[in-house]
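The values are calculated or read from the model by the stated rules, or taken from the named source; none is laboratory data. In this text the structure is predicted, and so the values were computed from the model without any measurement. Virtual Cβ from ideal backbone geometry, glycine too; neighbours counted across all protein chains shown. Heads up: the accessible areas ignore ligands, DNA and RNA and are worked out on the full protein's heavy atoms, side chains in. Shrake-Rupley method; radii C 1.70, N 1.55, O 1.52, S 1.80 Å.
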Amino acid sequence: MNKKDIAQIRKQFKLNNDLLKISDIFNVYIMKESSEIYHYESQPFEMLDQDQQELFMDNFKKLLGGQLDEKLFELKFQRDAENSSQLILHQGLLSSDAEGWTELMLQIVGKMLGIRQYEKDIVVTFIRGEYLKPMKRRNAEAEESERDTVYSHPFILCSINNTQEPKKELLFDYVEKEFKYHFTVDPIINLKAPLSGFLFPCFTDHAADVNHVLYSAGKVHEPDYQFIVDVLNGEETMTAQDDKIVFEEIIKDVTGDQLSTATLSNVYEEINRMIVENEEDEPPKLDSKDVERVLKVSGLEDINSEKVQSAYQKIIDDDKYEIKASSVLPKFNSKSIKISTKAANISICPQDLRYVKQVHFDGKRYLMIEVEEDTVIEGFTMIPETFGGGQDKE
């Protein structure tokens, strides 16, 4: 799934939407002390009152929020996994009765209970439904509206949520004119911040992909690898942060940790060009040959296949590994590159990196930034100076 596919299904989670039909909801309450199921309940989603439906809709929307490879991860299922979650979920998708579906979802919960004891009581919520995606009209004169033909996408979504201790409060009784201690024993289910969850299957454009599952982490760059491998039976994944670190270490190893700002700027611009050219297709990935080519077109001469493959093998122990281009590229048109010195910290846009240089003068190192206009600091316009320290005479 790309970010467009995710955004399209995410925005469907709202009440009275004829493009999203949720048939069943299944809630499972798990006790922290025993790591056992205390209670579970299945019912048609439409049987919930409107306020409850709205709470869950917001929860599902939050679950699918965030950036790919940062909070959301498209996972490929392991092949030949024992007690395969792919098979369980696929059977649940095809199950014609609610009882059979809930039995299958309890198998997923059982796998969750097998990997850890939770610190708080948790509630696992499953829904199954159908996402209807309209086919676009070929032209404005077409008689059929875009709602006349739709693609039907059955899905299962799971959201895992913490519970919170109820508040202890002191109340004032106006009638009796006395202070009263108020305590509710019922725990509060925190639907505002899902711990994790997943969507099955993945959707790419108009097609369902049952070989992949979309996993949602509770925090950015912190996927639960044990959940991914042992519960979902997904293959381990790299976060965008991990990919960026791997890329930087490979470049350092190949170049000897020495790069000019102009060369680094060329590297980023070349990767950005690759992303822009493939905007309509699958996001590009960088294997060792791609990295070699990027470095060569960026101005580095002493680069060869052996060096790059050796760096891949050394850093990630796999010279066939592919790094997602979008993970390593700083955000263009934003001051996303940080330059840190003892005297100052500066943020600039990637495309402006070519105007920054480190120079030596009179036995000292200086950070030089080429500018086209006057420099203003705290409202004061700086007077241009020569390298010798005197005022520049224009």
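Brief remarks on what is shown
- Residue, farthest from N190 (Cα to Cα), within the range 1-40, restricted to residues that are open to solvent by 90 Å² or more (accessible area, probe 1.4 Å) and of a type in the set (D, E, K, R): K4
- The residue pairs whose first member lies in the range 289-301 and is under 14 Å from R273 (Cα atoms), whose second member is among the charged types (D, E, K, R) and open to solvent by less than 50 Å² (accessible area, probe 1.4 Å), and whose beta carbons are closer than 8 Å, counting only pairs six or more residues apart or on different chains, are V294/E270; V297/E270; S298/E270.
Here's the yes/no breakdown for (1) at pLDDT below 90; (2) touching a helix residue (DSSP H, G or I) at 6+ places or on another chain (Cβ under 6 Å); (3) under 21 Å from A325 (Cβ atoms):
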| site | (1), (2), (3) |
| --- | --- |
| L214 | no, no, yes |
| S260 | yes, no, no |
| R273 | yes, no, yes |
| N278 | yes, no, yes |
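- Residue ID - nearest to T341 (Cα to Cα), chosen from residues in the range 369-380 that are part of a strand (DSSP E or B) and open to solvent by 80 Å² or more (accessible area, probe 1.4 Å): I377
- Residues that are farther than 24 Å from L214 by Cβ and among the polar types (S, T, N, Q) within the range 89-103 comprise just one, S96.
- The criterion of being under 27 Å from the mean Cα position of the chain (by Cα), of a type in the set (F, W, Y) and surrounded by 10 or more Cβ atoms within 10 Å (Cβ to Cβ) holds for Y312.
- Search result, residues across the range 288-332 that are over 17 Å from M238 (Cβ atoms) and of a type in the set (F, W, Y): F332
- Meets criteria (surrounded by 19 or more Cβ atoms within 10 Å (Cβ to Cβ) and acidic (D, E)) for D243: yes
- Being assigned to a strand (DSSP E or B) and surrounded by 15 or more Cβ atoms within 10 Å (Cβ to Cβ) is a condition met by no residue of the range 43-57.
- Any hit, the range 59-81, residues being over 22 Å from Y225 (Cα atoms) and surrounded by fewer than 19 Cβ atoms within 10 Å (Cβ to Cβ): yes
- Considering residues of the range 213-261 that are outside any helix (DSSP H, G or I) and among the hydrophobic types (A, V, I, L, M, F, W, C) only, the residue farthest from D302 (Cα to Cα): L232
- Matching entry among L264, L295, L300 (being in contact with a helix residue (DSSP H, G or I) (Cβ under 8 Å, 6 or more places away or on another chain), assigned to a loop (DSSP other than H, G, I, E, B) and open to solvent by less than 80 Å² (accessible area, probe 1.4 Å)): L300
- Figure legend. Inter-residue proximity from the range 92-117: first residues assigned to a helix (DSSP H, G or I), second residues of a type in the set (F, W, Y), beta-carbon distance below 7 Å, spacing 6+ or different chains. Indicated pairs: G92/W101; T102/F26; M105/F26; M105/F126.
- Test: residue in the range 341-364 that is polar (S, T, N, Q) and in contact with a Leu (Cβ under 8 Å, 6 or more places away or on another chain): yes
- Residue under evaluation S327, criteria (1) over 26 Å from the mean Cα position of the chain (by Cα); (2) in a helix (DSSP H, G or I), criterion not met: (1)
- Some residue of the range 97-108 being among the small types (G, A, S) and either in contact with a Lys or Arg (Cβ under 6 Å, 6 or more places away or on another chain) or at pLDDT 95 or above (or both): no
- Odd one out for F179 among (1) crowded, with 16+ Cβ neighbours inside 10 Å; (2) assigned to a strand (DSSP E or B); (3) more than 23 Å from the chain's Cα centre (by Cα): (1)
- Hits in the range 213-228 (condition: open to solvent by 40 Å² or more (accessible area, probe 1.4 Å), at negative phi and in contact (Cβ under 8 Å) with a residue 24 or more places away in the chain): K219, V220, D224, Q226
- Conditions (1) closer than 30 Å to P283 by Cβ; (2) open to solvent by 70 Å² or more (accessible area, probe 1.4 Å); (3) free of Cβ contacts under 8 Å to residues at least 40 places away in the same chain; (4) not acidic (D, E); number of the one not met by S336: (2)
- The lone exception for D319 - which of (1) of a type outside the set (A, V, I, L, M); (2) surrounded by 18 or more Cβ atoms within 10 Å (Cβ to Cβ); (3) in a loop (DSSP other than H, G, I, E, B) it fails: (2)
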